Structures are given as C-alpha cells and as structure tokens.
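Read through the structure below, which is laid out as structure tokens, and then see the notes.
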Amino acid sequence: QTFQNIQQREDRVKAYITLNEDGARSAAKQLDDKLASGEARGPLFGLPVGIKDNIVTEGLRTTCASQFLSNFNPVYDATVTSKLRAADTVTIGKLNMDEFAMGGSNENSSFYPVRNPWNLERVPGGSSGGSAAAVAAGEAYFTLGSDTGGSIRQPASYCGIVGLKPTYGLVSRFGLVAFASSLDQIGPLTKNVEDSAHVLQAIAGYDSMDSTSAKVDIPDYTSALTGDVSGLRIAVPKEYLGEGVDAEVKESVLNALKVLEGLGAVWEEVSLPHTEYAVATYYLLASSEASSNLARFDGVRYGQRADTGNLLDLYHESRSQGFGDEVKRRIMLGTYALSSGYYDAYYLKAQQARTLIKQDFDQVFEKYDVIIGPTAPTTAFKLGAQVDDPLTMYLNDILTIPVSLAGVPAVSVPCGFAGGMPVGMQVIGKAFDESTVLRVAHAYE
Ligand code: GLN
C-alpha cells in the first residue's frame, strides 16, 4: 500500500531522496519468515517507515540533501536506525530535507523542494519537510525527523500531523549528522499521539555511543495516555499569542484551550520575558556549532572531492562546490562569531542569553504542568515566498526555538485549519516529562 501511494503521489510531493524498494521487500520477506516460524514480533512489526536523510543507514545512501554527500553510503547504522530494525519496522527510504537541516521550508534541499500534500503550491515546512509530507501523504506509516530549532514540530504543524521533539538527551544522536550538537534531537512524526508514544518507546534510552545521552529510566509512554487532564495546570505565554501571530492561528489555539478546559484543565496567561532574544541567540549558537561540526567536510574524508592537485585548493574547491548558499551563510556567521576578537561579544553573550531563556521556563514550570501555544505564527506559506529573505524565514521559528534552547520536550498536534491549511498547537513540558506532554496532546486530539 505504501509503495502504491508513493507511486501515485511521490512525483508531486517529492518527500524522498532515496527509495529503498528492494531492501524494503527483502526486509518484509524476512518478517514474513519470522511470523511463519512463530518467533516473537517486535513492537512496531511490519510498519513501513521513512528516515530523514541526516540519520545514517548502513549501505543506504545518506545525503543530508547536500551535493557534498550525494554519493555517501554509510558503513554503519545510527542507534535509532538499529532500534527501529530491532522493533521490526521496514525502511522505505530516506527523506528529503533542508541541506544539513538548515532551513524551515525545505527549499534548501540541493535536490528538489518537497511540496505540502494539502496544497502543492505551499511548503511543507522544514527542515524535516520530507518526514512530515510523507506521513501526511500516506507515503510512510511514520517517519523520523530531527529538530534543532523546530524542524520536527514546524513541518508537523504545516502538514497537519503529530511531531514530537523529545527532551535533549533522551534519544541517542549517534549516527545523526551533527548540525548544532547542543540542540539536535531525533523524534517521531506520526498520524496521531498514540503512535508517537509507541515510536518514542522504541527509540528512547541511554546510549554509551552518545556522550550527551541521559541515564534516565524510560517510563511506559502509552500507559500515560489516559485521557484524563482534570486539574492540569496550563500556562499560556502572552509572547506566544502576541504580535506576528496570525489571527486565525491564535483563534484555533484558543479553541483548543477551551476543549482542554472542558476536560477539567485550567489555564492562565504567563510571561516568558526573554522570548524576544531567542531567535538571535539560536542563530548565533546554532551557526557557531555548525561551523565547527561541518569542518569535517574537507573533501578528504567524505563525499565531494574537487579535482585539484594542491591541498588548500582541494579544501576550498570541495567546500565551494559541495555546500549550498544557506550552509555557507551559516558557516561564515558561525566562524565570525567564534573568532577570537568577537567571541565575548557574540558567542559568550548568546550562551548567557540561553541561560536566561532556560530560566524563564524553569520558573513557569514551578507552578504549571505544561505550556501551550501555537507551533508556528502562520500556516504553510507559498513556495518561493521567503527564499530570498533569510531573516523572515528565521522568524518563523520564534515559537519553537526557545523550547530547543531550554532543552525541554514539546509535541505539535493539529488543532484546526486557517485559510484551508492545518494549524498546530504546541504542548511543552518539563525535562523528561514526555508522559505529560503526550497525555495532554492525546486528551485533546
Ligand atoms: N529553521 C531552523 C533553522 O534553520 C530550525 C532547523 C532545525 O531545527 N533543524 O535552523
């Protein structure tokens, strides 16, 4: 069925970079044999999944949507890839994205942009746009994405599906091609909250291969989906419903809050006063980390290698040819911010601002169980509308970035339509309290 959907829709949606049809068929055959032999079935038995193309898959091309890695075949699996295999999923293919996960519309893919299945003129969001569009179009049962500043939640919101960014450290980053290591997290994009809980169960947990992996007990996430939210305390930041947020988006979220109120929850307005500094802080820190992480792409070790004799020319030419404009912009910004004369003024300042933003969340969570707001200020915009304007593009992340800087979990769940396009509501929780986040989203859904 999935491949039938792909055949009918993929030439318009463009969610995948690499399809793994032969591999998927032989994996499915193995599962059939397993079934016949009476062996125990894995928890996600037979589900067709798509994996974002910055998560490595042994023997299956992994490009990060970059020309630099257009022929890169990893020799090992990411921890999440192995965990999914152990849960008996079938990998359908590798999903399109913004190059190296830098972007919010998928237009930075160096292959081709993904289109929103709800309206092909519109973007699916990014950077996990392929991951969101594939689920919305039935081209995978669920997918994995990565979220550094909103890249799971914002496309989930634009495509009318559920996207979860777990607490930093809950899911192993081993085998995720690093963009900004202190922010990157892998998470599931699914049709509903229950599926999200099942996938999280399969991929969460300590991994000695990731030095920032957290040693925490993993609860049973599905048992949290009780439907009960009576007495739950919800905080609604006034900064998340203020200027710049589309009126219809705001109305959808307020209606969703009424539903939760009807179920016995109470909500109050609060303030996260440092929200206005979040976008600048994020783009400084993320670009700084990216400039350092992407130094490994030198033309010697991986992928693209320019045809030149001299070593310095080789570095220079390989990087000039292999990277797209947005990636170069971030490397330049990050290198500048980290350079000795400017380090204190930019990088250090941004680290301090990050602490203040995190403290805003800590304070609110002393009194409230969850924070709720829209996932993005608008619904999906038209392809081409913002490509030439990086600053406007960066501002789309204003509601997802603070959560990433604080390292706490959040899920985007559909909460209506505005102008015919889906709207997403973001439920944000305390660190490692995915259970409450999922419980609230599930009760509303
Ligand atoms: N849109 C943000 C950026 O361009 C977020 C990307 C992400 O979360 N990977 O950095």
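The values are calculated or read from the model by the stated rules, or taken from the named source; none is laboratory data. Everything numeric in this text was worked out from a predicted model, so none of it was measured. A quick note on method: Cβ atoms are made from the backbone with ideal geometry, for glycine too, and the neighbour counts reach across all protein chains shown. These area figures cover heavy atoms from the full protein model, side chains too; ligands, DNA and RNA do not enter into them. Shrake-Rupley method; radii C 1.70, N 1.55, O 1.52, S 1.80 Å.
Given the criteria within 10 Å of the ligand (Cβ to nearest atom) and either over 13 Å from the mean Cα position of the chain (by Cα) or under 22 Å from Ala27 (Cα atoms) (or both), does Asn108 qualify? Step through it out loud before you land on a result.
Details: within 10 Å of the ligand (Cβ to nearest atom): yes; either over 13 Å from the mean Cα position of the chain (by Cα) or under 22 Å from Ala27 (Cα atoms) (or both): yes.
Taking the combined requirement at face value, the residue satisfies it.
Hey, does segment 230-250 have a residue that's of a type in the set (Phe, Trp, Tyr), assigned to a helix (DSSP H, G or I) and in contact (Cβ under 8 Å) with a residue 12 or more places away in the chain? Break it down into steps so the answer makes sense when it comes.
Step one: filter segment 230-250 for residues of a type in the set (Phe, Trp, Tyr), giving 240.
Then drop every residue that is not assigned to a helix (DSSP H, G or I), which leaves 240.
Checking which are in contact (Cβ under 8 Å) with a residue 12 or more places away in the chain leaves us with 240.
The answer is yes, given that some residue of segment 230-250 is of a type in the set (Phe, Trp, Tyr), assigned to a helix (DSSP H, G or I) and in contact (Cβ under 8 Å) with a residue 12 or more places away in the chain.
Which condition number does Gly126 fail, the rest of (1) open to solvent by 40 Å² or more (accessible area, probe 1.4 Å); (2) within 16 Å of the ligand (Cβ to nearest atom) being met?
(1)
Listed residues Gly324, Gly303; which is among the small types (Gly, Ala, Ser), touching a helix residue (DSSP H, G or I) at 6+ places or on another chain (Cβ under 6 Å), away from the ligand (no atom under 16 Å from the Cβ) and under 28 Å from Asn106 (Cβ atoms)? It would help to see each step written out before you state the result.
Details: Gly324 fails: away from the ligand (no atom under 16 Å from the Cβ).
Of the residues listed, the single one that is among the small types (Gly, Ala, Ser), touching a helix residue (DSSP H, G or I) at 6+ places or on another chain (Cβ under 6 Å), away from the ligand (no atom under 16 Å from the Cβ) and under 28 Å from Asn106 (Cβ atoms) is Gly303.
Just to be sure before I move on: is Ser109 closer than 22 Å to Ile401 by Cα, open to solvent by 10 Å² or more (accessible area, probe 1.4 Å) and either at pLDDT 95 or above or assigned to a strand (DSSP E or B) (or both) in the structure I sent? Walk me through how you get there before you give the answer.
On the way: closer than 22 Å to Ile401 by Cα: yes; open to solvent by 10 Å² or more (accessible area, probe 1.4 Å): yes; either at pLDDT 95 or above or assigned to a strand (DSSP E or B) (or both): yes.
Here the answer is yes, as Ser109 does meet what is asked.
What number goes with the only condition from (1) away from the ligand (no atom under 16 Å from the Cβ); (2) outside any loop (DSSP other than H, G, I, E, B); (3) among the aliphatic types (A, V, I, L, M); (4) within 27 Å of the chain's Cα centre (by Cα) that Leu314 does not pass?
(4)
Val259: more than 16 Å from the ligand (Cβ to nearest atom), over 19 Å from Thr392 (Cβ atoms) and under 23 Å from the mean Cα position of the chain (by Cα), yes or no?
On the way: more than 16 Å from the ligand (Cβ to nearest atom): yes; over 19 Å from Thr392 (Cβ atoms): yes; under 23 Å from the mean Cα position of the chain (by Cα): no.
Answer is no for this residue.
Every residue, every condition in (1) more than 19 Å from Leu189 (Cα to Cα); (2) touching a Lys or Arg at 6+ places or on another chain (Cβ under 6 Å); (3) part of a helix (DSSP H, G or I), yes or no:
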{"site": "Asn5", "(1), (2), (3)": "no, no, yes"}
{"site": "Ser26", "(1), (2), (3)": "yes, no, yes"}
{"site": "Lys29", "(1), (2), (3)": "yes, no, yes"}
{"site": "Asp33", "(1), (2), (3)": "yes, no, yes"}
{"site": "Pro43", "(1), (2), (3)": "no, no, no"}
{"site": "Val49", "(1), (2), (3)": "no, no, no"}
{"site": "Cys64", "(1), (2), (3)": "no, no, no"}
{"site": "Phe72", "(1), (2), (3)": "yes, no, no"}
{"site": "Asp77", "(1), (2), (3)": "yes, no, no"}
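Test of understanding: among Gly163, Gly169, Gly150, which residue is on the phi > 0 side of the Ramachandran plot and within 13 Å of the ligand (Cβ to nearest atom)?
Details: Gly163 fails: on the phi > 0 side of the Ramachandran plot; Gly169 fails: within 13 Å of the ligand (Cβ to nearest atom).
The unique qualifying residue is Gly150.
Among the residues of segment 91-105, write down those that are open to solvent by less than 10 Å² (accessible area, probe 1.4 Å) and more than 11 Å from the ligand (Cβ to nearest atom).
Matches in segment 91-105: Ile92, Gly93, Lys94, Leu95, Asn96.
Would you be able to tell me the number of residues in segment 90-105 that are assigned to a loop (DSSP other than H, G, I, E, B) and more than 25 Å from Ser157 (Cα to Cα)?
In the first step, residues of segment 90-105 are kept if they are assigned to a loop (DSSP other than H, G, I, E, B); the result is 96-98, 102-105.
Among the residues that remain, those that are also more than 25 Å from Ser157 (Cα to Cα) are: none.
Count: 0.
List every residue pair whose Cβ atoms lie under 6 Å apart, where the two residues are 6 or more positions apart in sequence or sit on different chains, the first residue falls within segment 302-317 and is open to solvent by less than 100 Å² (accessible area, probe 1.4 Å), and the second residue, located anywhere, is acidic (Asp, Glu).
Close Cβ pairs (under 6 Å, with a partner that is acidic (Asp, Glu)) amount to Ala306/Glu317; Thr308/Glu317; Tyr315/Asp298.
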